[in-house]
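K.L.:
Take this structure, written in structure tokens, and hold onto it; I'll ask about it next.
The values are calculated or read from the model by the stated rules, or taken from the named source; none is laboratory data. Values in this document were obtained by computation on a predicted structure and should not be read as measured data. Virtual Cβ from ideal backbone geometry, glycine too; neighbours counted across all protein chains shown.
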Amino acid sequence: MLAPHIKKKVDELWNRFWAAGLTNPLVAVEQITYLLFLKRLEDIDLKRQQRGFPSIYAGSESCKWSYIRQEKTNPGHLIDVVFPWLRELDKHFTTASADGTELASLNNRMADAYFQLDPNKGKVLSDAIDAIDQLFARAGDGNAAQDIMGDTFEYLLSEVATAGKNGQFRTPRHLIRFMVELLDPEPGQRVIDPAAGTGGFLFSTQQHLMRKYSAQENVVLEWDGTPHRTDGAAATPEQYAAIHNGANFVGLDNDRTMARIGWMNLVLHDVTDPHLLQGDSLSKREGKGQLKQLLESETYDFVLANPPFTGTVDSGDLEPDSLLFPRVGGGGKKKDDSITNKSELLFLWLMLDLLRVGGRCAVIIPEGVLFGNTDAHARLRRELLTEHVVEGVISLPGGVFQPYTGVKTSVLIFRKETRRDERPTSTCRAAPRTEHVWFYEVEEDGYSKDAKRNARPGQQNDLWDALEKFKAWLAHGRTGAQHNEKVLLQPRFRVERWRQALLRDTADQLTPAGEAFAALPDTSMWDGQVWGIHELFPELPADPKAAEAQVRNAASQQLYDLAVKYFAAPTRPIWEQWRTAGTSEKPMNAELAMADWQKAIRVPQQDFNRAAKEVHRLFDAEDGPALPLWKDLVRDAMKAGLSFHETAVKQAPVVQFSQQAPVADLKAALEAIAREVAKLDGFDVTLRSLAVDQATELKAAKHWVVPVRTWVRNNDWRGDDGTLVGSHDADGLVRHAYVQAMLAEGLYDDKGSLKDGLLDPDCIEAREWNLSAGQYKPFDFTQLKSDKSVAELIGVLKATEQDIIKGLDKLLAMVEGQE
């Protein structure tokens, strides 16, 4: 979670590069990424040296970030010195000295790295370097710096608001986390994204594993599921190593710039030796040893991806493996051609090929894949349903990819069941491996549905419910899927105020957290980390509003008492002067009394205001809701305190003036109160509970289960001996003998068309393997507002149908008569 002031700095950094002429979003991100990587590189080198390896900067010390900072107004230094060195970075270390570091997978990927800022834009570079240093000023060089760098990079990527070439765009991270949780991988299981982009699926998988194997009492989730406080404490050393082993996180992207950005994204998220490379996953692999190795068939446990939509592939460059991409077949000239050149279909066949038997995939697909009527569409769906297991189809709202595209999409989840070299030649005889498909319709995903896609923390998010229902479906089949079908499950939400803790050296520089830190046995663990104010200051409630009310009430009274006490000294002489006035012998002159009093308090009032401003240093100027509150409290306390004394002077003859001890040290008194108020500094975040157990009633179910193959009842069917037994038994279950007999005769005719009258027209196979959720959405008759029964309504529909048919017959007769 980035603090608002850090986001503001990233925005400023982006705007500076944009204003300097780098108006291609991808180029701007890449240039900023280079600077982040150069800063990270010096830390990597220090770790290498601690292992006894020589510095990669030997003879090139001017390429260190610490030196670059000194030359920050000179873009020429980066262009002429640093980047030529960076392009040959691989030459500055050995394979052995790179093991266990991010450099192990560098793989010459910086060979075409160039700094593209105009050499005359020295001020822009200076501002950029200052901004990057300020981003990590509080975090030091530990885990906090690593977390902030990774989060900063992710936020930077979120600023890319225009689609790149080849239809590239950033998949919303909350959808990625949702899909990772659907598959729920374990440490050591290999994950691949064959269209990896910026690596979101890969690092989110690592985040999920860290959350899963952390002390659950410490884990905190933002409203959208972003995990915090993940420590991996519940993992064994082997599991922890696997969670950070880049060989388990494999990605490919056709665009070299995108692949480099994705690789650096994983590096900045603490993935060691990430295997994210440039390469076309669909192209010919001959002569491309590394590509061929990474795309080896049946070597991955999971595939997570959002491949390009509605694209086409050059058939001449397509990998010719006929077991990978099916061929047209038959006896025509094109029998050996790929059945399709549509990228969304080819990627699905590739994913099937990459998975081990038992491996699972969650992929975002355009809706057309689910109901398209080309031979390739139908063949792919039939293969998925008959040879493998389609676990679920989750329909997403139409605007989830705004502003990039309005294409309606779904998440398809399937499990590989058949080895690629054991696939049957015919899929029409045996029963489909997928018996039922679970569908879910997401209507709300936590963001507005317009092009702005504004976050709506704490409001309805169907993704949480879908995840719980999917788990029940996997665990209990149809029984689990039907459980609580009209109940929406949501987590609990709460708001906390967080702040990035910071230690200071001297007492007069202590942040408001100083007193709490002093009580901790090991303060180093707090420095640079983000904590709730109630964790830093246990006396405060977790709810920011309650904490603010508590602090405001206490500080308001203390400041008022202080103001009354402080201004008592200059006020008392004036009161003494006028306290005997008001008699006929000595009349009260209110205007003169007020003039005397205002003159007496002028300097003390200036001193009070000056002292109140001096303690502003105790407040956080960047995450600073406490400073405006302090100013309001001081103003109100001054006004109320002075009003008290003004009234005392005006009513001197009848009001007693209590004796007040003088304020010995105004600065110290104000500082003590200010420290309490400054505890409120930070930024508010909406968090969700780990459990998703808050149930609300729905008018209609959001999920349903549909059979793939359902036999129509045939009461006239006779067995082999001619005895009339019917196709189904007394319990309504289809007889095995009937099924075998129908399969022997053939479900499909010579042209591959399904024979009439054998399958229920509402089952998936009878609808040409259609997997569109809307096709099977149950009709809820209770929603009909009518005083007629369902039977009567059906009768009306039938009568209407007959009227339409008669009208069409009449129209046809008229047309034929005209001819």
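K.L.:
Return the total of residues in the stretch 1-54 being buried (at least 21 other Cβ atoms within 10 Å of the Cβ), outside any helix (DSSP H, G or I) and touching a Phe, Trp or Tyr at 6+ places or on another chain (Cβ under 7 Å).
P.N.:
Matching residues across the stretch 1-54 total 1.
K.L.:
Looking only at residues in the stretch 449-495 that are polar (S, T, N, Q) and at pLDDT 90 or above, which one is farthest from Pro403 (Cα to Cα)?
P.N.:
Gln490
K.L.:
Keeping to the stretch 355-368, report how many residues are over 16 Å from Leu183 (Cα atoms) and in contact (Cβ under 8 Å) with a residue 60 or more places away in the chain.
P.N.:
1
K.L.:
Please give the number of the condition Gly722 fails out of (1) surrounded by 10 or more Cβ atoms within 10 Å (Cβ to Cβ); (2) in a loop (DSSP other than H, G, I, E, B).
P.N.:
(1)
K.L.:
Here is a list of conditions, (1) of a type outside the set (A, V, I, L, M, F, W, C); (2) more than 27 Å from Ser410 (Cα to Cα); (3) out of contact with any Asp or Glu (no Cβ under 8 Å at 6 or more places or on another chain), and Asp273 meets all of them except one; can you say which number that is?
P.N.:
(3)
K.L.:
Within the stretch 372-388, can one find any residue that is farther than 16 Å from Trp349 by Cβ, of a type in the set (A, V, I, L, M, F, W, C), buried (at least 22 other Cβ atoms within 10 Å of the Cβ) and touching a helix residue (DSSP H, G or I) at 6+ places or on another chain (Cβ under 7 Å)?
P.N.:
No, because not a single residue in the stretch 372-388 is farther than 16 Å from Trp349 by Cβ, of a type in the set (A, V, I, L, M, F, W, C), buried (at least 22 other Cβ atoms within 10 Å of the Cβ) and touching a helix residue (DSSP H, G or I) at 6+ places or on another chain (Cβ under 7 Å).
K.L.:
So, in the stretch 299-335, how many residues would count as being in a strand (DSSP E or B) and exposed (fewer than 15 other Cβ atoms within 10 Å of the Cβ)?
P.N.:
So the count comes out to 2.
K.L.:
Can you find, within the stretch 64-79, the residue that is surrounded by the most Cβ atoms within 10 Å (Cβ to Cβ) among those that are without any contact (Cβ under 8 Å) to a residue 24 or more places away in the chain and in a helix (DSSP H, G or I)?
P.N.:
His77
K.L.:
Identify all residues within the stretch 168-186 that are buried (at least 21 other Cβ atoms within 10 Å of the Cβ) and either without any contact (Cβ under 8 Å) to a residue 60 or more places away in the chain or in the same structural domain as Asp151 (by TED's automatic domain parsing) (or both); write none if there are none.
P.N.:
Arg177
K.L.:
Here's something else I'd like to know. Can you find a residue that is under 19 Å from the mean Cα position of the chain (by Cα) and not in a strand (DSSP E or B) anywhere in the stretch 369-388?
P.N.:
no
K.L.:
I've got another one for you. Answer with yes or no whether Ile243 is farther than 22 Å from Asp301 by Cβ and surrounded by 22 or more Cβ atoms within 10 Å (Cβ to Cβ).
P.N.:
Against the criterion (farther than 22 Å from Asp301 by Cβ and surrounded by 22 or more Cβ atoms within 10 Å (Cβ to Cβ)), Ile243 does not qualify.
K.L.:
What's the total number of residues in the stretch 643-698 that are more than 30 Å from Phe493 (Cα to Cα) and of a type outside the set (Ser, Thr, Tyr)?
P.N.:
Result for the stretch 643-698: 29.
K.L.:
While we're here: I need the full set of residues from the stretch 675-695 which are outside any strand (DSSP E or B) and either without any contact (Cβ under 8 Å) to a residue 24 or more places away in the chain or not hydroxyl-bearing (Ser, Thr, Tyr) (or both), in order please.
P.N.:
Residues satisfying the conditions are Arg675, Glu676, Val677, Ala678, Lys679, Leu680, Asp681, Gly682, Leu690, Ala691, Val692, Asp693.
K.L.:
Here is a further query. Kindly indicate whether any position in the stretch 222-242 is in a helix (DSSP H, G or I) and within 25 Å of Gln500 (Cβ to Cβ).
P.N.:
Scanning the stretch 222-242, I find no residue that is in a helix (DSSP H, G or I) and within 25 Å of Gln500 (Cβ to Cβ), so the answer is no.
K.L.:
I'd like to check something: does the stretch 114-126 contain any residue that is more than 18 Å from the chain's Cα centre (by Cα), surrounded by fewer than 19 Cβ atoms within 10 Å (Cβ to Cβ), at pLDDT below 75 and in a helix (DSSP H, G or I)?
P.N.:
No, the conditions are met nowhere in the stretch 114-126.
K.L.:
Now, a different point. Can you report the number of residues in the stretch 439-494 which are within 20 Å of Thr226 (Cβ to Cβ) and hydroxyl-bearing (Ser, Thr, Tyr)?
P.N.:
Selection size over the stretch 439-494: 2.
K.L.:
Continuing with this model, one more query. Is it the case that Ala247 is farther than 28 Å from Ser158 by Cα, hydrophobic (A, V, I, L, M, F, W, C) and over 22 Å from the mean Cα position of the chain (by Cα)?
P.N.:
Here the answer is no, as Ala247 does not meet what is asked.
K.L.:
So, Gly641, is that one at positive phi and at pLDDT below 95 or not?
P.N.:
So Gly641 fails the test.
K.L.:
So in the stretch 274-296, with the set limited to residues that are crowded, with 24+ Cβ neighbours inside 10 Å and farther than 11 Å from Ile192 by Cβ, which one is modelled with the highest pLDDT?
P.N.:
Here the answer is Leu282.
K.L.:
Another question, if that's okay. Step by step: first the residues of the stretch 297-337, then only those that are within 36 Å of the chain's Cα centre (by Cα) and of a type in the set (Gly, Ala, Ser), then the one that is modelled with the lowest pLDDT. Which residue is that?
P.N.:
Restricting to residues being within 36 Å of the chain's Cα centre (by Cα) and of a type in the set (Gly, Ala, Ser), the top hit is Gly311.
Rundown of residues vs (1) modelled with pLDDT under 90; (2) polar (S, T, N, Q); (3) surrounded by fewer than 15 Cβ atoms within 10 Å (Cβ to Cβ); (4) outside the structural domain of Val654 (by TED's automatic domain parsing), yes/no style:
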position: Leu559; (1), (2), (3), (4): no, no, no, no
position: Pro570; (1), (2), (3), (4): no, no, no, no
position: Asn589; (1), (2), (3), (4): yes, yes, yes, no
position: Gln598; (1), (2), (3), (4): no, yes, yes, no
position: Ile601; (1), (2), (3), (4): no, no, no, no
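K.L.:
Here's another thing I want to ask about it. Across the stretch 657-673, what is the total count of residues that are crowded, with 19+ Cβ neighbours inside 10 Å and over 18 Å from Gln606 (Cα atoms)?
P.N.:
The total comes to 1.
K.L.:
Further question on the same structure: Return yes or no: is Glu622 within 23 Å of His5 (Cβ to Cβ) and either part of a loop (DSSP other than H, G, I, E, B) or touching a strand residue (DSSP E or B) at 6+ places or on another chain (Cβ under 7 Å) (or both)?
P.N.:
For Glu622, the condition - within 23 Å of His5 (Cβ to Cβ) and either part of a loop (DSSP other than H, G, I, E, B) or touching a strand residue (DSSP E or B) at 6+ places or on another chain (Cβ under 7 Å) (or both) - is met.
K.L.:
Taking the stretch 750-772 as the region of interest, how many residues are charged (D, E, K, R) and at pLDDT below 90?
P.N.:
So the answer is 2.
K.L.:
Pull up the stretch 773-819, narrow it to residues that are hydroxyl-bearing (Ser, Thr, Tyr) and at pLDDT below 75, then point me to the one that is farthest from the chain's Cα centre (by Cα).
P.N.:
Here the residue is Ser789.
K.L.:
Out of (1) outside the structural domain of Ile601 (by TED's automatic domain parsing); (2) under 55 Å from the mean Cα position of the chain (by Cα), what's the single condition that is false for Lys667?
P.N.:
Exception for Lys667: condition (1).
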